[in-house]
Amino acid sequence: MTMHRSVPLLRACRYVAAILISLIFFVPMLVAIVSAFKTPAELTDVLSLPAHLDTQNFTTGWQQVGRGVLNSLMITVPAVILSVFIGSVAAYPLSMMNAARSRFVYFFLLSGMFVPFQIVQIPVFYIMRAVGLYNTIPGLWVVHIAYGIPICTFFMRNFFATVPRSLYEAAQLDGCGPAGYFFKILLPASMTGIAALSIVQSRSVWNDLLFAMTLTNSGNTMPVTAALNGFVTAIQVQYGPLMASSIISVIPMLLVFLLFQKAFVRGLLGGSSK
């Protein structure tokens, strides 16, 4: 009898814990939204509500970061597509090899995940300038693809390993070669994993600030994160436009997650729902 009573109590505790954790993440976003509609005089009282909805901050913010949002889209979409595709191609043979043969290559690629951006910041700057890719969007593609391949390979190799080997054997019996199996069977069967990886990689590329500040110096190529940094100066911080611009910069990634959240959850579960 005691056990039956403890089950609803445990469930209630889980719901309360989930609500509290959600509030921890939601309150900063709520403060940012409220501050975005305040006048400069109202910003001194952080917890107060605005007297009326002032949209001037959003107008100023869009003028500052509108071009940066477009640049971030032009950087993120190709970089994510190419890094996920190259990572999937690299993960395919690793998932088909036995553990002893693939271990060295697997951990060699995995080691790329542990190299901090700061270590390669100066060499990458000189390389990009030497090859003529400094202050260009393709230059940022190259950097994000290079850093994205290890994590993409790591993720997709583990995901491909969950696909039954019988599919490959059946494809061979039907006359399908390794390339045909990869493009016609393995990739379609792994779309949930690819969707989850694409969202994770998109967030990483979209939120990058270090390479954005190092490899760009003009508004024509500067992504939104670097444009947001323009609101912070040594003399003052424009909190109202900064909050409004931050909300504008979050909207694209939020829409992507809301559109593909089911595939994202299934992909993180390792394809258990396939």
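The values are calculated or read from the model by the stated rules, or taken from the named source; none is laboratory data. This structure is a prediction, so every number in the text was calculated from the model and none was measured. Positions of Cβ are backbone-derived with ideal geometry, glycine not excepted, and every protein chain shown enters the neighbour counts. For the accessible areas, the whole protein counts, side chains as well, though only heavy atoms, and no ligand, DNA or RNA atoms are used. Shrake-Rupley method; radii C 1.70, N 1.55, O 1.52, S 1.80 Å.
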Would you confirm whether any residue within the range 64-79 is among the hydroxyl-bearing types (Ser, Thr, Tyr), touching a helix residue (DSSP H, G or I) at 6+ places or on another chain (Cβ under 8 Å) and open to solvent by 30 Å² or more (accessible area, probe 1.4 Å)?
no
Residue match in the range 226-241 (condition: touching a Leu at 6+ places or on another chain (Cβ under 9 Å), within 21 Å of Leu53 (Cα to Cα) and not aromatic (Phe, Trp, Tyr))
yes
From the option list Tyr147, Tyr168, Tyr181, Tyr134, single residue qualifying as touching a residue at least 12 places away in the same chain (Cβ under 8 Å), closer than 24 Å to Ile75 by Cα, touching a helix residue (DSSP H, G or I) at 6+ places or on another chain (Cβ under 7 Å) and surrounded by 15 or more Cβ atoms within 10 Å (Cβ to Cβ) is Tyr134
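Results for (1) of a type in the set (S, T, N, Q); (2) closer than 27 Å to Gly180 by Cα; (3) part of a helix (DSSP H, G or I); (4) out of contact with any Leu (no Cβ under 7 Å at 6 or more places or on another chain), shown as yes or no for each residue.
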{"site": "Met74", "(1), (2), (3), (4)": "no, no, yes, yes"}
{"site": "Val80", "(1), (2), (3), (4)": "no, yes, yes, yes"}
{"site": "Met128", "(1), (2), (3), (4)": "no, no, yes, no"}
{"site": "Leu140", "(1), (2), (3), (4)": "no, no, yes, no"}
For the range 245-274, which residues satisfy the criterion of being modelled with pLDDT of 70 or more, among the hydrophobic types (A, V, I, L, M, F, W, C) and open to solvent by 40 Å² or more (accessible area, probe 1.4 Å)?
Val250, Ile251, Met253, Leu254, Leu255, Val256, Phe257, Leu258, Leu259, Phe260, Val265
When you look at Ser95, is it over 30 Å from Pro223 (Cα atoms), assigned to a helix (DSSP H, G or I) and in contact (Cβ under 8 Å) with a residue 12 or more places away in the chain, yes or no?
yes
Would you check which residues across the range 155-165 are open to solvent by less than 70 Å² (accessible area, probe 1.4 Å) and either closer than 20 Å to Pro78 by Cα or part of a helix (DSSP H, G or I) (or both) and list them?
Phe155, Met156, Arg157, Asn158, Phe159, Phe160
Keeping to the range 184-202, report how many residues are hydroxyl-bearing (Ser, Thr, Tyr) and either more than 22 Å from Leu73 (Cβ to Cβ) or not in a helix (DSSP H, G or I) (or both).
2
Looking at the range 33-43, can you tell me whether even one residue there is under 30 Å from the mean Cα position of the chain (by Cα), among the small types (Gly, Ala, Ser), assigned to a helix (DSSP H, G or I) and over 19 Å from Ile247 (Cβ atoms)?
no
One residue is enough: does the range 99-121 have a residue meeting the conditions among the polar types (S, T, N, Q) and crowded, with 20+ Cβ neighbours inside 10 Å?
no
Which residue, of Leu70, Leu9, Leu23, Leu47, is among the hydrophobic types (A, V, I, L, M, F, W, C), assigned to a loop (DSSP other than H, G, I, E, B) and either without any contact (Cβ under 8 Å) to a residue 40 or more places away in the chain or touching a Pro at 6+ places or on another chain (Cβ under 6 Å) (or both)?
Leu47
Would you point out which residue out of Leu187, Leu197 is within 15 Å of Gly87 (Cα to Cα) and more than 18 Å from the chain's Cα centre (by Cα)?
Leu187
Among the residues that make up the range 225-244, is at least one of them part of a loop (DSSP other than H, G, I, E, B), of a type in the set (Ser, Thr, Tyr), at pLDDT below 90 and farther than 21 Å from Trp141 by Cβ?
yes
Considering only residues of the range 50-63 that are outside any loop (DSSP other than H, G, I, E, B) and touching a helix residue (DSSP H, G or I) at 6+ places or on another chain (Cβ under 7 Å), which is least open to solvent (accessible area, probe 1.4 Å)?
Gly61
